[in-house]
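What follows is a set of notes on a single structure, which appears directly below.
The values are calculated or read from the model by the stated rules, or taken from the named source; none is laboratory data. Here the structure is a predicted model, which means the values were calculated and not measured. Every residue, glycine among them, receives a Cβ derived from its backbone with ideal geometry; neighbour counts consider all protein chains shown. Please note that ligands, DNA and RNA were not included when accessible areas were found on the heavy atoms of the full protein model with its side chains. Shrake-Rupley method; radii C 1.70, N 1.55, O 1.52, S 1.80 Å.
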Amino acid sequence: CMAAHLEGKGVTALDMAGLAQKGGAVYSHMRIAQRPEDIHAIRIAAGSADLVLGGDIVVAGNKKVLAAVKHGGTTMVINTAEFLPGDFTRNADFSLPMERLKRAIIADAGRDKTHFVDASRAATALFGNSVGANIFLVGFAYQLGAVPLAASSIEEAIELNGEAVEMNKAAFHWGRRAAAEPAAVAALVAPASQVVSDARRLSQSFD
């Protein structure tokens, strides 16, 4: 919102918080327009979202979010990190239907408009903190041309916010790199292969 204000654009935001376990899902509706008078509603209507930033693939893949998607017209940037919903407390064998969620998102948005990225793992590997995942997703979407703001405005908004400024600016830059050079960034954040020394190798016999 602040980045849009800095550019003199119209902007509205509406956060809708769930009340389930751990606070439930949060859905944020944001509109950005050249002028404030160009905005006539706050909520995003069915089939009218230009961009969906999904910090949680379970939330991004549900009917409420997918209803706002316009096939071939909505850019989807989705974090593939797994966050278990409340179902795991009632079912010890619960596992996320990751592939089904991906198929549902692709079916609604279109393969060319859908981008899955493990932003949480990337943020943890790069900054030692998964909190940077959200701004990483913003950077990714910005590089795709899906955020109608200048990079300088987003960076200034981060500075004005004053929280973990350097990490958030770095996360924004790395998100852009991940969109431009996905293979290079994926290789950089991939877990190093574990080398087991003789001192830590399990014994093969009693001796």
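With a cut-off of 10 Å between beta carbons, the residues surrounding His29 carry a summed charge of +1, where Lys and Arg count +1 and Asp and Glu -1. Pairs of Lys residues in the chain are counted when their Cα atoms are under 21 angstrom apart and they lie 8 or more places apart or on different chains; the count is 9. Of Glu99, Glu7, the order by accessible heavy-atom surface (1.4 Å probe, DNA, RNA and ligands excluded), from most exposed downward, is Glu99, Glu7.
At a 1.4 Å probe radius, carbon and sulfur cover how many percent of the accessible area of the chain? If you can, show how the numbers build up before the last one.
On the way: 6590 of 12600 Å².
In the chain, the share of accessible area belonging to carbon and sulfur is 52 percent.
Within the chain, what is the longest stretch that has no chymotrypsin sites (Phe, Trp or Tyr not before Pro) placed in a DSSP loop and near at most 16 other beta-carbon atoms within 10 Å?
Numbers: sites that count: Phe83, Phe94, Phe206.
Longest stretch, sites excluded: 95-205.
Listed values for segment 126-141 are Karplus-derived 3J(HN,Hα) couplings in whole Hz (6.51 cos²θ - 1.76 cosθ + 1.60, θ = phi - 60°), namely 7, 10, x, 7, 6, 4, x, 4, 5, 6, 4, 5, 4, x, 4, 5, and x replaces Gly and Pro.
Give me the net charge for the shell around Ala150: Cβ to Cβ below 12 angstrom, other residues only, Lys and Arg +1, Asp and Glu -1. Around Ala150, the charge tally is -2.
In what order, largest first, do Thr124, Thr74 sit by accessible area if the probe radius is 1.4 Å?
On the way: Thr124 70, Thr74 0 Å².
The most accessible residue leads, giving Thr124, Thr74.
Applying 1/(1 + (r/R0)^6) with r as the Cβ-Cβ distance of Glu159 and Leu202 and R0 = 41 angstrom yields a FRET efficiency of 0.20.
By how many degrees, 0 to 90 and rounded to 10, does the Cα axis of helix 98-109 deviate from the longest principal axis of the chain? Helix 98-109 sits roughly 20 degrees off the main axis of the chain. What is the calculated FRET efficiency for Ala45 to Ala180, with r their C-beta to C-beta distance and R₀ = 25 Å, to the nearest 0.05? According to the calculation, E is roughly 0.20. At Ala150 and Val26, where each label point lies 7 Å from the Cα along Cα→Cβ, what is the point-to-point distance in nanometres? Calculated label separation equals 2.9 nm. Taking Asp207, Asp50, Asp118 and ordering them by how much accessible surface each has at a 1.4 Å probe, largest first, produces Asp207, Asp50, Asp118. Computed 3J(HN,Hα) for segment 50-58, one whole-Hz value per residue from the Karplus formula 6.51 cos²θ - 1.76 cosθ + 1.60 where θ = phi - 60°, is 8, 9, 10, 9, x, x, 9, 5, 5, glycine and proline marked x.
Scanning the chain for trypsin sites (Lys or Arg not before Pro) that sit in a DSSP loop and have at most 10 other Cβ atoms within 10 Å, the longest stretch containing none of them is 91-200. Each DSSP beta bridge with both residues in the chain is either parallel or antiparallel, and the antiparallel ones are about 45%.
Could you please report the charge total around Ala13, scoring K, R as +1 and D, E as -1 over all other residues with beta-carbon less than 12 angstrom from its beta-carbon? Show your work: numbers first, answer last.
Details: positive: Arg31, Arg43; negative: Asp15.
Taking every Cβ under 12 Å from that of Ala13, the sum is +1.
Angle, helix 165-180 long axis vs. longest principal axis of the chain, Cα atoms, 0 to 90°, nearest 10? Once rounded, the angle reads 90 degrees.
How much mean residue ellipticity at 222 nm does the chain get from its helices, if each DSSP H run of length 4 or more adds -39500 (n - 2.57) and you divide by all residues, to the nearest 500 deg cm²/dmol?
Details: 9 runs with 80 residues, N = 207.
Helix-only estimate at 222 nm: -11000 deg cm²/dmol.
In this calculation the C-beta distance from Leu188 to Leu6 is compared with R0 = 35 Å, giving a FRET efficiency of 0.65. Here is the P(r) of the chain: all C-alpha pair distances, binned every 5 Å from 0, give 1, 7, 13, 16, 18, 16, 12, 6, 3, 2, 2, 1, 1, 0, 0, 0, 0 in whole percents.
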